[in-house]
1. Report Rg(Cα)/(2.2 N^0.38 Å) for segment 106-150, keeping two decimals.
2. Give the angle, between 0 and 90 degrees and rounded to the nearest 10, that separates the Cα long axis of helix 19-34 from the longest principal axis of the Cα atoms of the chain.
3. Of the listed peptides 123-132, 20-29, what is their order by residue-averaged count of other C-beta atoms within 10 Å, with the highest listed first?
4. So what is the 222 nm mean residue ellipticity for the chain from helices alone, if each DSSP H run of at least 4 adds -39500 (n - 2.57) and you divide by all residues, rounding to the nearest 500 deg cm²/dmol?
5. Picking from A165, S109, V144, whose Cα lies most toward the positive end of the charge dipole for segment 91-174 (charges on Cβ: Lys, Arg +1; Asp, Glu -1)?
6. Starting from 0 in steps of 10 Å, tell me what percent of the Cα-Cα pairs of segment 25-174 lands in each bin.
7. Relative contact order (percent) for the chain, with alpha-carbon contacts under 8 angstrom and 6 or more residues of separation?
8. Roughly how many Å is it from the Cα centre of segment 16-85 to that of segment 118-174, as a whole number?
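Rule-based calculations on the coordinates, nothing more; no lab input. If you're wondering where the values come from, they're calculated on a predicted model, not measured in any experiment. Cβ: placed from backbone, ideal geometry, glycine included. Neighbour counts: every protein chain shown.
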Amino acid sequence: MTGIGNRGLVQCAGRTVTRQEVEDFLYAEADILDHWDYDGWLALFEPGARYEIPTTDYRPGWSPHETGSFVDDDWDLLRARVKRLKSRKAHAENPHSRTHRLVSNVRLSGESEDSFRVSASFVVHRARDGHFDAYVGWYDHLLVPTEDGLRFRLRRSILGHESLAAGARLSFIL
């Protein structure tokens, strides 16, 4: 990976961003999602951002827009998703699932003038309707440093599963 060396930092948007700062951002996001604070979660995105979950046959370099995806939200769809999840109309998540997220192996790379890439591993445990599921995979994010902190330009969750179990739903934010 370019840009990290042994320093655990990137130079971007005229400032230094450390891995610790990115880890804190990702841990805060996990806490926000586990507490179903979707307004707080949406505030972590820059306007115009995307949210993607490619299908389980995704390979690096493929475009989820062309090869298929579970979620392929532009900014308008992302805001609509948050609005729906906050309403009683989200029947698949009313009442909410119980989730617990673990984030690890955070790596920074590929800085440009105004953004940089972040990869991390995740496990999301979900309890709902007497079932307990674990979703595992990795994140491939594009982050932007702003005066108000880090923001997502792209939030991509890539499942490590070969397929989802029968009845598995992605009705929550992965």
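1. Compactness ratio reported: 1.62.
2. Roughly 20 degrees, rounded to the nearest 10.
3. Put in order of decreasing packing, that is 20-29, 123-132.
4. Using -39500 (n - 2.57) per qualifying helix, the result is -6000 deg cm²/dmol.
5. Value computed over the given set: A165.
6. In whole percents, the pair-distance histogram is 10, 41, 39, 9, 1.
7. Worked out over the chain, it gives 26 percent.
8. 8
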